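The values are calculated or read from the model by the stated rules, or taken from the named source; none is laboratory data. This is a predicted model, so every value here is computed, not measured. As a convention, Cβ positions derive from the backbone with ideal geometry for all residues, glycine included, and neighbour counts pool all protein chains shown. Ligands, DNA and RNA are excluded from the accessible area calculation, which covers all protein heavy atoms including side chains. Shrake-Rupley method; radii C 1.70, N 1.55, O 1.52, S 1.80 Å.
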Amino acid sequence: MDYFVNMNGIDVHAYYSEKAINEILIPLLEKLTAMQKEKNRRILVMLAAPPGAGKSTLASFLQKLSEEREELTDIQAIGMDGFHRRQEYLLSHTTVRDGQEVRMVDIKGAPVTFDLDLFTEQIRRLFKEEKVFWPSYDRHLHNPVEDAILVERKIVFLEGNYLLLEEDGWRNLKDMADYTVFITADEDVLRDRLVDRKFKSGKEREVAEKFVDYSDMANVRLCLSKSSKADLTLYVDKIEMRIAK
């Protein structure tokens, strides 16, 4: 099935095979529906994946599938990208990487460039309040958009790179999830997707490749090597999705 959606200001075309939909995605939604009914409260699903793996698009597609089937509880897809620190902060602050002081804006997307404390506080609100406003991220503005989404559904599908990261502060996030999903993929596939995404957001291809190789691929390797085990792990390549063994 072809799926067209605008994600963070960029038009995206994704394809999900009937096999993946019927054997992976619908059963996942059925499982979450049953879990929510059993717990009789809002449940939080965390979908983690390296940059370029298609997690935002998949979360959006799962929301669409849940809305199309009466037997499923509607899910609400949200992301952690709205908790990027603002561009002006990243331009004026530095951090240390590989023993060298670097501008945060030059490694935007790394864990240190997110406001983890605010993110954690907002996740906790999902369990305390029936309606919670949530930020999004606009890749053309290069900044978060505050209160962009009103979260009010019983199944919340939160996607982000570092939701399962085994590092101080980040590893505590998993404890708040009712169910976890991880997407893995080969590094070369992810690099191609990331370069294409940067190009579509207005970067020249040479500039896009340089940023991806310096910044994004370091985050890709971090996610692939230091994410904890999820309840469900999916593997994606250029054409298909399957459950990882």
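One table, with the values for the structure above:
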quantity	calculated
Residue match in the range 158-167 (condition: over 16 Å from the mean Cα position of the chain (by Cα) and either at pLDDT 95 or above or acidic (D, E) (or both))	yes
Selection from the range 19-52 of residues that are in contact with a strand residue (DSSP E or B) (Cβ under 7 Å, 6 or more places away or on another chain) and among the charged types (D, E, K, R)	R42
Residues satisfying the stated conditions in the range 117-142, i.e. closer than 22 Å to W170 by Cα and either within 16 Å of the chain's Cα centre (by Cα) or surrounded by 15 or more Cβ atoms within 10 Å (Cβ to Cβ) (or both)	F119, T120, Q122, I123, L126, V132, W134, P135, S136, Y137
Meets criteria (more than 20 Å from the chain's Cα centre (by Cα), surrounded by 14 or more Cβ atoms within 10 Å (Cβ to Cβ), among the acidic types (D, E) and more than 17 Å from G160 (Cβ to Cβ)) for E30	yes
Leading residue by the ranking (nearest to R42 (Cα to Cα)) among those in the range 131-159 that are in contact (Cβ under 8 Å) with a residue 60 or more places away in the chain and not in a strand (DSSP E or B)	K154
Close pairs from the range 183-204: first open to solvent by less than 70 Å² (accessible area, probe 1.4 Å), partner assigned to a strand (DSSP E or B), Cβ under 7 Å, at least 6 apart	I183/L234; I183/V236; T184/T233; T184/Y235; A185/Y235; A185/V236; S201/I10
Close pairs (8 angstrom Cβ cut-off, 6 or more residues apart or separate chains): among the acidic types (D, E) in the range 163-182, surrounded by fewer than 22 Cβ atoms within 10 Å (Cβ to Cβ) anywhere	E166/K226; E166/S228; E167/P111; E167/K226; D178/M35; D178/K39; D178/L44
Filter result for V207 (over 25 Å from D115 (Cα atoms) and assigned to a helix (DSSP H, G or I))	yes
Top-ranked residue in the range 205-245 [being touching a Phe, Trp or Tyr at 6+ places or on another chain (Cβ under 8 Å) and modelled with pLDDT under 90; ranked as surrounded by the fewest Cβ atoms within 10 Å (Cβ to Cβ)]	I239
Residue check, F114 in contact (Cβ under 8 Å) with a residue 60 or more places away in the chain and either touching a helix residue (DSSP H, G or I) at 6+ places or on another chain (Cβ under 8 Å) or surrounded by fewer than 16 Cβ atoms within 10 Å (Cβ to Cβ) (or both)	no
Qualifying strands (runs of 3 or more DSSP E) (wholly inside the range 35-111; at least 3 residues being open to solvent by 10 Å² or more (accessible area, probe 1.4 Å) and closer than 29 Å to E240 by Cα)	75-79
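Let's see how each residue does on (1) of a type in the set (G, A, S); (2) touching a Ser or Thr at 6+ places or on another chain (Cβ under 9 Å); (3) within 18 Å of R193 (Cβ to Cβ):
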position: K55; (1), (2), (3): no, no, yes
position: S60; (1), (2), (3): yes, no, yes
position: E67; (1), (2), (3): no, no, no
position: E70; (1), (2), (3): no, no, no
position: T73; (1), (2), (3): no, yes, no
position: R86; (1), (2), (3): no, no, no
position: S92; (1), (2), (3): yes, no, no
position: G99; (1), (2), (3): yes, no, no
position: I107; (1), (2), (3): no, yes, no
